[in-house]
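To start, the structure itself, in structure tokens.
The values are calculated or read from the model by the stated rules, or taken from the named source; none is laboratory data. Note that the structure is predicted; figures quoted are calculated from it, not measured. Backbone-built Cβ (ideal geometry, glycine too); neighbour counts: all protein chains shown.
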Amino acid sequence: MAARSGAVLTCFASKLMFLALSCVALAGYAISTPTNDIRPLVIWHGLGDTYASRGIIQFESEVKKLHPGIFVHSVYINRDVEEDKRATFYGNVNAQIDLVAEQLASIPELGRGFDAIGFSQGGQFLRGYVERYNDPPVYNLITFGSQHMGISDIPPCRSFDFLCEVARRAAKAGAYTEWAQEHLVQAQYFRDPNQLGLYMTLNSFLADINNELMLPAARNVTYANNLASLENLILVLFAQDKTVIPKESAWFGSEAPLEELDASSTQPDDQHPLGKPQLTAARTIVPMKLQPLYVEDYIGLRSLDERGTITLQTCPGEHMHLTGCWEDLVRKWVGQSF
Ligand SMILES: *[C@@H]1O[C@H](CO)[C@@H](O)[C@H](O)[C@H]1NC(C)=O
């Protein structure tokens, strides 16, 4: 912006028509620099982070080093960073996606579409944007450690993170209450494999964008068409992820319901007269290709996969440890020309 008004001011100062014209051209050049032929990038940050944190700003500048001239937009719910951080814990995810859709549609540089990177929960929120809006459209969607099949436990907080602690305690106390489904972000992608009926009827966000609904007729076909229109979907799982439960959610995996486990594994024995605690039971993961939402293609995932446009990627570290892992992905999937 500063460069643009600078150019315009010089024009008026020159007073010579031909110079003025060349200045207009220069100003035009300055305006159109971001809307070159490189696909822009939209980033949606994760829980406890903000759109302008040091990490996000550093990531943006690394992306710009790899792809000179690329336009990058970091999604915000609130321009005030403290409020933006708060909105990662508290708020209505559906309303946040509506707001972000409006924000993205209002940015001229994004008009022709863009690639998108979602960090952690930002990944499933961007998927929600694709399914519900996709206008302007997303080409490549890359999600890092996202919770596409939800979480079956609310992850622990860092020490002294009270914003997180209070939200966590409230979500654990009643994830499917109407209040939690309106106000607690994590509750809105809480998916208890042992209470899928409750999840399907009471979850206000994830069950909807996953089309995991009791009545097949209630599934929204637009969601499937929009997701299937992606050029590529790149799902990144962190191999040592101890934050997302289960970590395979990043690849559309989920924990199998307990009743599907061998009943003898939870039967009482000498050491566990009341039955073994459920947590020690083997944690079976239902992989993407066995999920009903994949098999019956509720959301276009199977269509994408059969076209060969889903890439499952692993990063070696803990949740969101991007070091040594993001660069090849950003080189390959971001910064292409229209
Ligand atoms: C399906 O989703 C689209 C996009 O969000 C929306 O416009 C439409 O009203 C939805 N259809 C139904 C039947 O809910």
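Results for (1) in contact with a helix residue (DSSP H, G or I) (Cβ under 6 Å, 6 or more places away or on another chain); (2) among the β-branched types (Val, Ile, Thr); (3) at pLDDT below 90; (4) assigned by TED's automatic domain parsing to the domain that holds Lys85, shown as yes or no for each residue.
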residue	(1), (2), (3), (4)
Glu165	no, no, no, yes
Thr177	no, yes, no, yes
Gln186	yes, no, no, yes
Leu196	no, no, no, yes
Asn210	yes, no, no, yes
Val221	no, yes, no, yes
Ala224	no, no, no, yes
Leu230	no, no, no, yes
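Candidates are the residues of the range 200-223 that are more than 20 Å from the chain's Cα centre (by Cα) and either closer than 23 Å to Ile245 by Cβ or surrounded by 22 or more Cβ atoms within 10 Å (Cβ to Cβ) (or both); the one that is farthest from the ligand (Cβ to nearest atom) is Leu202.
Scanning the range 229-241 for residues that are crowded, with 21+ Cβ neighbours inside 10 Å and either basic (Lys, Arg) or within 16 Å of the ligand (Cβ to nearest atom) (or both) turns up just one, Leu230. Total residues in the range 64-93 satisfying the condition of being exposed (fewer than 14 other Cβ atoms within 10 Å of the Cβ) and small (Gly, Ala, Ser): the figure is 1. Might you let me know whether the range 151-164 holds any residue that is within 16 Å of the ligand (Cβ to nearest atom), in contact with a strand residue (DSSP E or B) (Cβ under 8 Å, 6 or more places away or on another chain) and in a strand (DSSP E or B)? No, the range 151-164 contains no residue that is within 16 Å of the ligand (Cβ to nearest atom), in contact with a strand residue (DSSP E or B) (Cβ under 8 Å, 6 or more places away or on another chain) and in a strand (DSSP E or B).
From the list Ala52, Ala105, Ala95, which residue is away from the ligand (no atom under 16 Å from the Cβ) and aliphatic (A, V, I, L, M)?
Values: Ala105 fails: away from the ligand (no atom under 16 Å from the Cβ); Ala95 fails: away from the ligand (no atom under 16 Å from the Cβ).
Testing whether each residue is away from the ligand (no atom under 16 Å from the Cβ) and aliphatic (A, V, I, L, M) leaves just Ala52.
Just checking, does the range 145-157 include any residue being under 28 Å from Ser337 (Cα atoms), assigned by TED's automatic domain parsing to the domain that holds Cys325 and within 8 Å of the chain's Cα centre (by Cα)? Looking for residues that are under 28 Å from Ser337 (Cα atoms), assigned by TED's automatic domain parsing to the domain that holds Cys325 and within 8 Å of the chain's Cα centre (by Cα), one finds at least one in the range 145-157, hence yes.
Can you spot a residue in the range 108-126 that is among the β-branched types (Val, Ile, Thr), assigned to a helix (DSSP H, G or I) and buried (at least 18 other Cβ atoms within 10 Å of the Cβ)? Walk me through it before giving the result.
In the first step, residues of the range 108-126 are kept if they are among the β-branched types (Val, Ile, Thr); the result is 117.
Applying the additional criterion that residues be assigned to a helix (DSSP H, G or I) yields none.
Scanning the range 108-126 turns up no residue that is among the β-branched types (Val, Ile, Thr), assigned to a helix (DSSP H, G or I) and buried (at least 18 other Cβ atoms within 10 Å of the Cβ).
Of the set (1) within 16 Å of the ligand (Cβ to nearest atom); (2) polar (S, T, N, Q); (3) surrounded by 23 or more Cβ atoms within 10 Å (Cβ to Cβ); (4) not in a helix (DSSP H, G or I), all apply to Asn134 but (3).
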